[in-house]
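For reference, the structure discussed in these notes is given below.
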Amino acid sequence: IGLNNMFIMVSDWQHSHVTDPVPKRMAHTYKEAAMSITITALTDVLKFFIGVMSDFLSVQFFCLYTATSILFCYIYTMTFLGAFMALNGRREASNRHWLTCMKIPMEKSIEQTHMYNICCVGGTYDKLTGAEKKQPASNFFKDYYGPCLMKPGVKGVVIIIYLAYLATSVFGCFHIQQGTELYDLAADNSHVTRFNIKDRQYFYNYGPVVMVIVKGEMAYWDKAKRSQLQACIEGFKEPQFVDRDIYTSWLDSYLSYGQEKLLNLDDKDVFLSYLPQFFDLHPFFKQDVNLTGDAIHASRFFIQTVNITKASEEIEMLKGLKAIAGSCQVASLLVYNHEFIYYDQHDVVVKSTIKNVVVITAVMLVVSLLLIPNPVCSLLVTCSIGSVTVGVNGFMALWDISLDSISMIIFTVCIGFTVDFSAHVSYAFVSSEKPHPNDKAVDALSSLGYPIIQATLSTVLGVSVLSMSEFYTFRAFFKIFFLVMFIGMLHGLVFMPVFLTASACSSDKDENPEGVLKSSKL
C-alpha cells in the first residue's frame, strides 16, 4: 500500500513544466499531491491507532503494527521519495540517461537504430503545455473516458448501476453467515480439516457436550436449595438444541445411591461422609466435585446439545445457555466447552465490526472537514465509506465468506483504505481551476485516473499469491482485499465523479472575486 502515494507523486511530477527549475517542479508536485496524501494517511493512522482499543488482542497488535507502518510510509513518501525525485529532476534537467547518467542527445537521429532512439535519446516533452508527454492511459481518461462519463445519459446509467450495486450489497448483507467453522483454521489437506468436515457431515445431530458448573460453596444437603438447583439444571433441558435424555449428574446419581442405602442425605454429616464411598463405586464422578474439608466448593453437570449444523446455530446455543445460567437464583452457574472460545468471538464480532466502521467514518468526516475546503465534498467522501463497507460485506456473503474473527481482522485492515481513492478524487475536484463541474471532474480523472488504476493493480497483484493458498485465512484475505480495492476503485473512478458534479462541489476560488484560492486552514 506504500506504492499508492508514490503513483500520485509521480503523476503530479509529470504534470509540472519540464523547463522549470527543479525546486519549482517539486513545489508544484507537493502542492498537488501533499494534501491529498496527508488526508488518506492521517485518517488511516488515526483509525488504526483507535483500533488498538478493540476487544481482540490480535486486532490490537495488528492495528498498532499497521498504523506505525502507514506512518512510516507517509514519512518516507514526503521525505525520501521527494529527495530522490529532486535528484531525478536534476538528471532530467541535464538530459542524462536514466540508467547510466551519461549525457544523451535530445533529438532522434536517422543514422541510429530504432532501439537506440528509444533507449538512448531523451529530452522530448509537450511543447504546448510544457509538461512531459502524458501516458496513453492518462490521455484516455482526459480525452475519452472523462468526457463520456460526464454526458447526461451516461450519468443516468451510472446512477442506475449504483442503485443496483447498493441493492445487491444490502441483499448480501442480510444473508451473510456468521461464525467460524473449525475446519477453516487448518490447511485444506490437513487431517484435522477432514475430521471436522466429516464430523459436521455425519454427526451433526450431536453438538458439543456442555459443562454446567456450580461456582462457589453450596449446601447440597439442604433439601430446599438442592431442589432449586435441580430445577435450574432441568431448565437446561428445555431448549430444542438440548437432548433431555442425555445428561450426566453426579447429584442425581448420589441421591439414587442414598435411596438404595436408605441414607438421610438431608443431613450434612451423612451427605459428606458417604461421598467417598460413592466415588469409589463411581470414580468418574470424582472429577465432578471439588470437595475440600467439610465443604463442596464447586461441582459440575453435563448436558448434550443436538442439531447444531452451522456456526450461527452455535452462537444462538451459547446465548441461550448463558441466559438460562443467569436466571438461576440459588447458585452462580457457568456453562463451558473448549469450543466456546470461538463462539465468544462470534458474539462480539458484529459489534466490533460496526464499531470499527463508525470510528473510521467519524475520523474521516473530521479530517475531511479540516483538510478538504468544501463541506459537501467532505460529506460525500464520508458517505463513500459506508457505501464501500456495505458493498464489501454484501459481496463477501455472495463470495461465500462468513463474518468471523478472521474476516473481521482483515476487514478492519482494509476498511481504512476504502476512502483513499474517493478522497483523492474529491480533493482534486475541489482544487481544480476549471470553471465548470464537468470540467473539474474530467481534470481530476485526467490527473488521478491512471495512478488509481496503478495503485489498484499493484495492490491486488501483491496479494494475489494468497488466492492459491491452502489456508482459508489467506484466501479470505485476498478476497476481501480484492473487494475493497475493486469497489473502492469503482467509487473513485465512476460513482464519485458523477455525484461530485451532481452536488456542484467547487472550490472557494469560484466564489472569490479576487481570484485567490483559499485552501483549508491546516
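The values are calculated or read from the model by the stated rules, or taken from the named source; none is laboratory data. In this text, all values refer to a predicted model and were calculated from it rather than measured experimentally. Cβ atoms come from the backbone with ideal geometry, glycine included; neighbour counts cover every protein chain shown. Heads up: the accessible areas ignore ligands, DNA and RNA and are worked out on the full protein's heavy atoms, side chains in. Shrake-Rupley method; radii C 1.70, N 1.55, O 1.52, S 1.80 Å.
Restricting attention to the range 463-481, the residues being touching a residue at least 40 places away in the same chain (Cβ under 8 Å) and in a helix (DSSP H, G or I) number 7.
Here Asn393 clears all of (1) more than 17 Å from the chain's Cα centre (by Cα); (2) modelled with pLDDT under 90; (3) surrounded by 21 or more Cβ atoms within 10 Å (Cβ to Cβ) except the condition numbered (1). If you check Lys198 against the conditions, is it under 30 Å from Ala298 (Cα atoms) and either at pLDDT 85 or above or among the β-branched types (Val, Ile, Thr) (or both)? Criteria not met by Lys198.
Against the numbered list (1) surrounded by fewer than 23 Cβ atoms within 10 Å (Cβ to Cβ); (2) over 26 Å from Ser69 (Cβ atoms); (3) in contact with a helix residue (DSSP H, G or I) (Cβ under 8 Å, 6 or more places away or on another chain), Thr353 comes up short only at (2).
Taking helices (runs of 4 or more DSSP H) as the structural unit, those lying wholly within the range 46-131 and holding at least 2 residues that are open to solvent by less than 90 Å² (accessible area, probe 1.4 Å), modelled with pLDDT of 85 or more and under 25 Å from Val10 (Cβ atoms) correspond to 57-76, 82-93.
Of all the residues in the range 242-277, those that are buried (at least 17 other Cβ atoms within 10 Å of the Cβ), touching a residue at least 40 places away in the same chain (Cβ under 8 Å) and part of a loop (DSSP other than H, G, I, E, B) number 1.
Consider Glu314 carefully, then state whether it is among the charged types (D, E, K, R), touching a strand residue (DSSP E or B) at 6+ places or on another chain (Cβ under 6 Å) and open to solvent by less than 50 Å² (accessible area, probe 1.4 Å). No: the conditions fail for Glu314.
Entry remark, the range 187-223: residues being over 30 Å from Glu470 (Cβ atoms) and without any contact (Cβ under 8 Å) to a residue 12 or more places away in the chain number 0 in total. Tallying residues that are of a type outside the set (A, V, I, L, M), within 39 Å of the chain's Cα centre (by Cα) and open to solvent by 40 Å² or more (accessible area, probe 1.4 Å) within the range 208-237 yields 1. Give me the residue from the range 183-194 that is aliphatic (A, V, I, L, M) and open to solvent by 60 Å² or more (accessible area, probe 1.4 Å) and, out of that set, farthest from the chain's Cα centre (by Cα). Checked the range 183-194; the qualifying residue farthest from the chain's Cα centre (by Cα) is Val192. When the range 162-182 is filtered for residues that are free of Cβ contacts under 8 Å to residues at least 40 places away in the same chain and either surrounded by 13 or more Cβ atoms within 10 Å (Cβ to Cβ) or aromatic (Phe, Trp, Tyr) (or both), only Phe174 remains.
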